[in-house]
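Participant: My structure is below; once you've seen it, I'll send some questions.
The values are calculated or read from the model by the stated rules, or taken from the named source; none is laboratory data. Computed from a prediction, not measured in an experiment: that's the story for all the values here. Glycine gets a Cβ as well: all are built from the backbone with ideal geometry, and neighbour counts include every protein chain shown. Heads up: the accessible areas ignore ligands, DNA and RNA and are worked out on the full protein's heavy atoms, side chains in. Shrake-Rupley method; radii C 1.70, N 1.55, O 1.52, S 1.80 Å.
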Amino acid sequence: MGIDLGSSGARCAVVDADGGRSVLATRSWSFAPVPHPSGLAFDIDLDLTWQLTGEACREAVAKAGVSGDAIAGVAVSAIRCGTVIIDGAGSVLYAAPNRDARAS
């Protein structure tokens with residue numbers, strides 16, 4: 001299973017390692033603008049991101065016609081998607097996509 005988290009959504013591919021057949025499921029999202037004088041501030045809704053990523057993965061597994069325990073490995077890619085800063089307890093302090101420019 002390959003999962004790609006990008007600025008426009010989540011994509012999940014399940015590939016049959018023996019036969020080479022693959023299926024793909026996607027979910028789209030957008031980042032919510034945040035009121036800021038620059039007009040360039042955005043936040044990532046982490047709960048929605050998790051929900052939509054899970055939906056895409058479940059759909060891809062169903063399309064592949066396999067059970068979850070048949071998945072031999074998972075690779076995740078999230079290049080330039082954003083920054084999430086957590087505290088020592090694992091609570092989110094800040095989550096913003098790479099296009100957030102409020103620091104400017």
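Participant: Being open to solvent by less than 60 Å² (accessible area, probe 1.4 Å) and either within 13 Å of the chain's Cα centre (by Cα) or on the phi < 0 side of the Ramachandran plot (or both) narrows it down to one residue among 16, 47, 4; which is it? Break it down stepwise before answering.
Facilitator: Numbers: 16 fails: open to solvent by less than 60 Å² (accessible area, probe 1.4 Å); 47 fails: open to solvent by less than 60 Å² (accessible area, probe 1.4 Å).
Every option except 4 fails the conditions.
Participant: Let me ask something else. Does residue 61 qualify as being open to solvent by 40 Å² or more (accessible area, probe 1.4 Å), at pLDDT 90 or above, among the β-branched types (Val, Ile, Thr) and more than 11 Å from the chain's Cα centre (by Cα)? Working first, answer last.
Facilitator: Working: open to solvent by 40 Å² or more (accessible area, probe 1.4 Å): no; at pLDDT 90 or above: yes; among the β-branched types (Val, Ile, Thr): yes; more than 11 Å from the chain's Cα centre (by Cα): yes.
In short, no.
Participant: Taking residue 73 as meeting all but one of (1) touching a strand residue (DSSP E or B) at 6+ places or on another chain (Cβ under 9 Å); (2) in contact (Cβ under 8 Å) with a residue 40 or more places away in the chain, write down the number of the exception.
Facilitator: (1)
Participant: Residues of the range 20-39 being open to solvent by less than 80 Å² (accessible area, probe 1.4 Å) and assigned to a loop (DSSP other than H, G, I, E, B), which ones? Walk me through how you get there before you give the answer.
Facilitator: Filtering the range 20-39 for residues open to solvent by less than 80 Å² (accessible area, probe 1.4 Å) gives 20, 22-23, 25-27, 29, 31-32, 34, 36, 38-39.
Those that are open to solvent by less than 80 Å² (accessible area, probe 1.4 Å) and assigned to a loop (DSSP other than H, G, I, E, B): 20, 29, 31, 34, 36, 38, 39.
Participant: Yes or no: residue 18 without any contact (Cβ under 8 Å) to a residue 24 or more places away in the chain, under 30 Å from residue 103 (Cβ atoms) and of a type outside the set (A, V, I, L, M, F, W, C)? Walk me through how you get there before you give the answer.
Facilitator: Numbers: without any contact (Cβ under 8 Å) to a residue 24 or more places away in the chain: yes; under 30 Å from residue 103 (Cβ atoms): no; of a type outside the set (A, V, I, L, M, F, W, C): yes.
Answer is no for this residue.
Participant: Any residue at all in the range 75-91 that's over 17 Å from the mean Cα position of the chain (by Cα), open to solvent by less than 80 Å² (accessible area, probe 1.4 Å), of a type in the set (Ser, Thr, Tyr) and farther than 22 Å from residue 25 by Cα?
Facilitator: yes
Participant: Given the conditions (1) surrounded by 11 or more Cβ atoms within 10 Å (Cβ to Cβ); (2) assigned to a helix (DSSP H, G or I), and given that residue 69 satisfies all but one, which numbered condition is not satisfied?
Facilitator: All conditions pass for residue 69, except number (1).
Participant: Residue 101 - would you say it is open to solvent by less than 50 Å² (accessible area, probe 1.4 Å), of a type in the set (A, V, I, L, M, F, W, C), over 25 Å from residue 1 (Cβ atoms) and touching a residue at least 40 places away in the same chain (Cβ under 8 Å)? Steps first, please.
Facilitator: Details: open to solvent by less than 50 Å² (accessible area, probe 1.4 Å): yes; of a type in the set (A, V, I, L, M, F, W, C): yes; over 25 Å from residue 1 (Cβ atoms): yes; touching a residue at least 40 places away in the same chain (Cβ under 8 Å): yes.
So residue 101 fits the description; yes.
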